[in-house]
Amino acid sequence: MNLLFLGTSAGVPTKSRNVFGVALRESKGKGWYLIDCGEGTQHQVLNTKLSLNALKAILITHVHGDHCYGLPGLLASAAMSGREAPLTIVAPTGIKAWLDATFEATQLSLPFDVKFVVSDELPNVEFERITVTTYRLSHRASSYAYGFTERKVESALDVDKLAQKGIPRGPLWGQLKQGTDIEFAGERLKSSDFLISKHKPRKVVIAGDNDQPDLLSEACAGAQVLVHEATYTETMDEKARDFGHSYAKQVAAFAESVQLPNLVLTHFSPRYQPNPHASPSIEDIRKEAQSVYSGTLYLARDFLELTLSKLGDVTEVE
C-alpha cells in the first residue's frame, strides 16, 4: 500500500499546500482510492502518475468545503477523459444532495454509474483487494474515519491440517490455496481454515477532522498507520476545541497510548510556516508530537509518498 498526499493544508490553500486530499494506492496494479477531494485536487492528480480511469472509490470524510469542493470538477474530468467503469462514492448523505443539485444546475451527465454509499450508516465496503470500514469521529459536522484493510494476504497451505483431514493433494489443495471453499467427505470446508498468512493484513486508518482522537481506539486495532489532522499546536488548544480540531500533542499522545507504530500528521493550519526558522512553523508541530510519541512520525507535505511494506514498515518513496 502507498499513501500519496495531494493536499495537506487546513481550510484554505497556501502557496505550497493544497487543501486536503489523500490517495491510497493498492499494492498491485494501478488501482487507487481518493480520501477527500478539496478544491484543486484534480490539478494535484495531474502532477502524479494516478489515472482517473483507475480510481476505485472516492471517500469523503465530511461536508466541509476544504474536503469536498473539488469533487464535481474531478468527476466531470473523469467523464471527459473517457471513464466508463462504475465508481463508488462513500460520503455523508449531504454530499449526495449537493452533487445531485450541482449536476442538475450545470447539466452534467456522467457516462459511468456512481454507487453512493452513505457513511452516516457506518458501512463496511468490500473491494477486490481492500475492505473499507467506517468509524464515527467528533467535529462540528458529522465526520468519519476510514480504515483500509488488505483482503488478499499472501498465504501458504497448512499441510499438516490438510493431512489430518485426509484431503488428498491435487485440485482441492489448489482451490483452497486460491481462497475457494470446498466440499469434501460431505463437509463444507472453508479455505481460511487451511491457510497460513505470511504477514499480517496491512491496515491504514485515515481520519477526517476530529477533536477526540480517543474515538479511534477501535479503528487503530491492528493498524500499522494512522493519518490524522494536527491543525494546531497545544498553544492553540482553545481554538482547536472551538473549531472541532486536534492539536499535535493530543494526537501523538493517543498514538503512543495505543502503541501505534506509524503516525502521519497532516491538515496543518496556514499559520504554521514551512520554514523551520519561522514562528510558528511546521517544525513546532513536529517537536510537540515527538515529545510524547516514540513511534515513526511523518509530517505530510504535498506529494509526499509513503509505502507500507508487508512487514508493517513505512518508508518514504524518493
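So which residues in the stretch 70-100 are within 22 Å of LEU46 (Cα to Cα), in contact (Cβ under 8 Å) with a residue 24 or more places away in the chain and loosely packed, with under 15 Cβ neighbours inside 10 Å?
We begin by selecting, within the stretch 70-100, every residue within 22 Å of LEU46 (Cα to Cα); these are 70-89.
Now restrict to residues that are in contact (Cβ under 8 Å) with a residue 24 or more places away in the chain: 70-79, 81-89.
Those that are within 22 Å of LEU46 (Cα to Cα), in contact (Cβ under 8 Å) with a residue 24 or more places away in the chain and loosely packed, with under 15 Cβ neighbours inside 10 Å: SER81, GLY82, GLU84, ALA85, PRO86.
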- Message: Here is a check on your reading of the model: is VAL45 closer than 22 Å to HIS139 by Cβ and buried (at least 20 other Cβ atoms within 10 Å of the Cβ)?
- Response: no
- Could you list all residues from the stretch 53-93 that are in a loop (DSSP other than H, G, I, E, B), in contact with a strand residue (DSSP E or B) (Cβ under 6 Å, 6 or more places away or on another chain) and among the polar types (S, T, N, Q)? THR61
- Query: For the stretch 101-150, which residues satisfy the criterion of being surrounded by 13 or more Cβ atoms within 10 Å (Cβ to Cβ), among the acidic types (Asp, Glu) and not in a helix (DSSP H, G or I)?
  - Reply: GLU150
- Item | Extreme residue, surrounded by the most Cβ atoms within 10 Å (Cβ to Cβ), among residues of the stretch 267-318 that are assigned to a strand (DSSP E or B) and of a type in the set (Ser, Thr, Tyr) | TYR298
- Task: Inspect all residues belonging to the stretch 189-203 and state whether any of them is surrounded by 22 or more Cβ atoms within 10 Å (Cβ to Cβ), assigned by TED's automatic domain parsing to the domain that holds LEU311, modelled with pLDDT of 90 or more and of a type outside the set (Ser, Thr, Tyr).
- Result: yes
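Which residues, counting only those in the stretch 184-221, are assigned to a loop (DSSP other than H, G, I, E, B) and in contact (Cβ under 8 Å) with a residue 60 or more places away in the chain? Let's see the steps before the verdict.
At the first step, the residues of the stretch 184-221 found to be assigned to a loop (DSSP other than H, G, I, E, B) are 185-186, 190, 198-202, 208-212, 217-221.
Across the stretch 184-221, the qualifying residues are LYS198, HIS199, LYS200, ARG202, GLY208, ASP209, ASN210, ASP211, GLN212, GLU218, ALA219.
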- Item | Close pairs from the stretch 44-69: first basic (Lys, Arg), partner in a loop (DSSP other than H, G, I, E, B), Cβ under 8 Å, at least 6 apart | LYS56/GLU26; LYS56/GLY31; LYS56/PHE127
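The values are calculated or read from the model by the stated rules, or taken from the named source; none is laboratory data. Computed from a predicted model, the values in this text were never measured in an experiment. We place every Cβ from the backbone using ideal geometry, glycine too, and count neighbours over all the protein chains shown.
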